[in-house]
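Heads up: the structure comes next, in structure tokens.
The values are calculated or read from the model by the stated rules, or taken from the named source; none is laboratory data. Note that the structure is predicted; figures quoted are calculated from it, not measured. Cβ sites come from the backbone with ideal geometry, for glycine too, and all protein chains shown count toward neighbours.
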């Protein structure tokens, strides 16, 4: 997991992302609204991903974002059911990010009622926060979970099912986003349900070199 920064890492962190396994070993998942403004807007520019960010330090490097992908439903109509985005990060020191850090697995059609671990970076702080609770179905293609303190900046935080404490990895089955851009209170968060459409977007990211 890591923080998404503006201005190639010299700006503020404003969202959260997570490395997911892929053939190209270069994909980070986040919320679509973190990288694309939705209806009437376009993609962000000059972004960077900083895994393991803490207290102003970047122990695992600052990885440049080279490509971003969102579903057309998000880009054209800001449909909250498609508030999921993938970014492809460039190499750092000639190495790919998943080779350096490892990766979570991309999970889809995993069901709504799962215990998940959510780690994110509130924009008001310099350290990540974590919570474990049971996700439930909120409405068709939307999940919800109660976790305290998930304020602005935690959008894109991965919902990890089947978390392995030894490897610190799991199955990403959601990200903070979707309904109310992830929730308009700090204590209840939402995620689009990762269905076949979200899997198709992941496949597109893979095809784009991720």
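Within segment 121-135, none of the residues are in a strand (DSSP E or B), touching a strand residue (DSSP E or B) at 6+ places or on another chain (Cβ under 9 Å) and in contact (Cβ under 8 Å) with a residue 40 or more places away in the chain. Criterion first (farther than 20 Å from residue 155 by Cβ and surrounded by 15 or more Cβ atoms within 10 Å (Cβ to Cβ)) does residue 61 satisfy it? Judged against the criteria, residue 61 is a match. Are any of the residues in segment 85-102 assigned by TED's automatic domain parsing to the domain that holds residue 9 and closer than 14 Å to residue 191 by Cα? For segment 85-102, residues assigned by TED's automatic domain parsing to the domain that holds residue 9 and closer than 14 Å to residue 191 by Cα: present. Evaluated against (1) part of a loop (DSSP other than H, G, I, E, B); (2) modelled with pLDDT under 95, residue 22 falls short on exactly one condition, (2).
Determine whether segment 187-208 contains at least one residue that is in contact with a strand residue (DSSP E or B) (Cβ under 7 Å, 6 or more places away or on another chain) and at positive phi. No.
Residue selection: residue 204 fails the criterion of being part of a strand (DSSP E or B) and either modelled with pLDDT of 95 or more or assigned by TED's automatic domain parsing to the domain that holds residue 52 (or both).
Taking segment 156-173 on its own, how many of its residues are part of a strand (DSSP E or B) and at negative phi? Explain how you work it out, then say what you get.
So the first thing to find is which residues in segment 156-173 are part of a strand (DSSP E or B), and the list is 158-164, 169-173.
Those still in the list that are at negative phi too: 158-161, 163-164, 169-173.
Looking only at that region, the number is 11.
Residues in segment 102-120 that are part of a loop (DSSP other than H, G, I, E, B) and more than 18 Å from residue 53 (Cα to Cα): 107, 108, 109, 110, 111, 112, 113, 114. Screening residue 39 with (1) more than 24 Å from residue 189 (Cα to Cα); (2) surrounded by fewer than 24 Cβ atoms within 10 Å (Cβ to Cβ); (3) at pLDDT 95 or above gives one miss only, at (1).
All conditions in (1) more than 15 Å from residue 49 (Cα to Cα); (2) out of contact with any helix residue (DSSP H, G or I) (no Cβ under 9 Å at 6 or more places or on another chain) hold for residue 128, with the sole exception of (1).
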